[in-house]
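Everything on this sheet refers to the single structure shown next.
Only the coordinates and a few stated rules stand behind these numbers; no lab work does. This is a predicted model, so every value here is computed, not measured. Don't worry about glycine lacking a Cβ; one is built from the backbone with ideal geometry, like all the others, and counts go over all protein chains shown.
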Amino acid sequence: MDRVYIKDYLSANGCARDNYRHLFEASVTGMYETTLGGRYVAANPMLAQMFGYEYAAELIEHTVNLNEGFYVERQRRAEFIEQIREHEVVRGFESQVYRRDGSRTWISEHALAIKNAAGDLLGFQGTTLAVTERKVAETSRPRPDGPSSPPFISCHPQPESTTGESLPNLYVPLIQSLHCPAIFCPHPLD
């Protein structure tokens, strides 16, 4: 299905907004929108759960600044922003982050730039996958150069769907084509 077909199909059935809301709220992938300053504007329940919150509203309220105290390696947020500035998108951006209770978890982010009409970067819209299990398996697996290697941060390609597209990237055209500010961005950034 291409983006135009999906948009026409949902519009013809008069349920685009409901379907989009369901996709956002029931997704097995964390979905979000943040400001450049590091505040969540929107988050779905899966993202909240990944980070140890019961509700998305709690995550939005309690996460004041992703630029400080969220990434285990503090420079990761700056690297994320720099990649977005250069390419307007990041794919498979893996980092270790802190959950609400202070424990650590590995995530892989896929995000797009949100810009105003003048082209100024305002924030990000993206998806997050929990990849802790894979990272643990990678570090515990014997390697040719030694018994095991310490954890590392990389941008690995994600598993592919039957169409050959990276799974989280399948959401991007749908999110772009059905962007409903009242649902995904309750507080527009510009």
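Annotations
- Treating r as the C-beta distance of Thr139 and Glu82 and R0 as 25 Å, the FRET efficiency rounds to 0.40.
- Between Asp101 and Ser27, full extension at 0.36 nm per residue minus the direct alpha carbon distance yields a gain of 24.3 nm.
- Ordering of 23-35, 91-103 by packing [mean C-beta count within 10 Å, highest first]: 23-35, 91-103
- Summed residue charge, Cβ within 15 Å of Asp101's Cβ, Lys/Arg positive, Asp/Glu negative: +1
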